[in-house]
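Structure first, commentary second.
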Amino acid sequence: GLIHLRDGANLQYVTGVSFVFSIYGDLLQRHNLKVKCDCQEFDASTILNFAKQQMDYILGANPLGRSYMVGFGNNPPTQAHHRGASIPLSEANMDINCGMSFARWFNKNSPNPNELTGAILGGPDKQDKFSDLRWTSIYTEPCTYVNSLAVAGLAKLTCHK
């Protein structure tokens with residue numbers, strides 16, 4: 001299953017663990033070592049497989065069979081909680097204030113007019129529920145601290161078989 005530490009951008013922990021485990025697994029493999037936790041030993045392939053499983057979960061290998069990356073995989077999110085993605089380009093030169101953006105675009109239940117292709121959102125809650133509505137930011141917020149760690153982990157894991 002998915003690591004779950006808290007609702008609200010939980011995927012920051014998942015991508016962080018995946019990144020750290022991919023580096024640690026690589027070091028264990030390079031030096032032919034194992035890690036002992038309590039009374040269990042884990043080899044490099046176990047650590048790397050866990051890191052990969054967490055990223056696979058984000059990309060669609062999960063109970064909902066959906067991706068949490070915008071524009072990728074099966075049933076990806078379409079309503080990222082992101083002002084630039086929510087406001088149509090045709091209206092970008094208008095004088096827009098915060099109240100107006102809430103009234104005209106934030107609470108609109110339709111896909112964002114500007115797709116944030118590749119952005120990983122906050123992700124599901126501990127019951128694997130996910131609400132793809134831009135006003136449910138605990139699920140749909142695209143955060144730099146989620147995505148930067150995902151890029152690092154994915155780059156490393158592309159070499160893992």
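For segment 25-42, residues that are open to solvent by 80 Å² or more (accessible area, probe 1.4 Å) and part of a helix (DSSP H, G or I) total 2. Could you tell me whether LEU11 is open to solvent by less than 20 Å² (accessible area, probe 1.4 Å) and either under 21 Å from the mean Cα position of the chain (by Cα) or at pLDDT 95 or above (or both)? In short, yes. Only one of (1) open to solvent by less than 40 Å² (accessible area, probe 1.4 Å); (2) touching a helix residue (DSSP H, G or I) at 6+ places or on another chain (Cβ under 8 Å); (3) in contact (Cβ under 8 Å) with a residue 12 or more places away in the chain is not met by ASN62, so which one is it? So ASN62 meets the others, but not (2).
Residues are listed down the side, and each one gets a yes or a no for (1) in contact (Cβ under 8 Å) with a residue 40 or more places away in the chain; (2) in contact with a Ser or Thr (Cβ under 9 Å, 6 or more places away or on another chain):
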{"residue": "LEU2", "(1), (2)": "yes, no"}
{"residue": "VAL14", "(1), (2)": "yes, no"}
{"residue": "ASP38", "(1), (2)": "no, no"}
{"residue": "ALA44", "(1), (2)": "no, no"}
{"residue": "ALA51", "(1), (2)": "yes, yes"}
{"residue": "THR78", "(1), (2)": "yes, yes"}
{"residue": "SER86", "(1), (2)": "yes, yes"}
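For segment 109-128, the candidate set comprises residues that are of a type in the set (D, E, K, R) and in contact with a helix residue (DSSP H, G or I) (Cβ under 8 Å, 6 or more places away or on another chain); within that set, the residue that is farthest from GLY8 (Cα to Cα) is GLU115. Candidates SER22, SER18, SER45: the one that is assigned to a helix (DSSP H, G or I), out of contact with any strand residue (DSSP E or B) (no Cβ under 9 Å at 6 or more places or on another chain) and more than 26 Å from ASN147 (Cβ to Cβ) is SER45. Residue count for segment 116-158 under the criterion of being within 18 Å of GLY84 (Cα to Cα), of a type in the set (Asp, Glu) and touching a residue at least 60 places away in the same chain (Cβ under 8 Å): the result is 1.
The values are calculated or read from the model by the stated rules, or taken from the named source; none is laboratory data. Worth saying up front: this structure is predicted, and the values here are computed from it rather than measured. Glycine gets a Cβ as well: all are built from the backbone with ideal geometry, and neighbour counts include every protein chain shown. Only protein heavy atoms, including side chains, enter the accessible area calculation; ligands, DNA and RNA are left aside. Shrake-Rupley method; radii C 1.70, N 1.55, O 1.52, S 1.80 Å.
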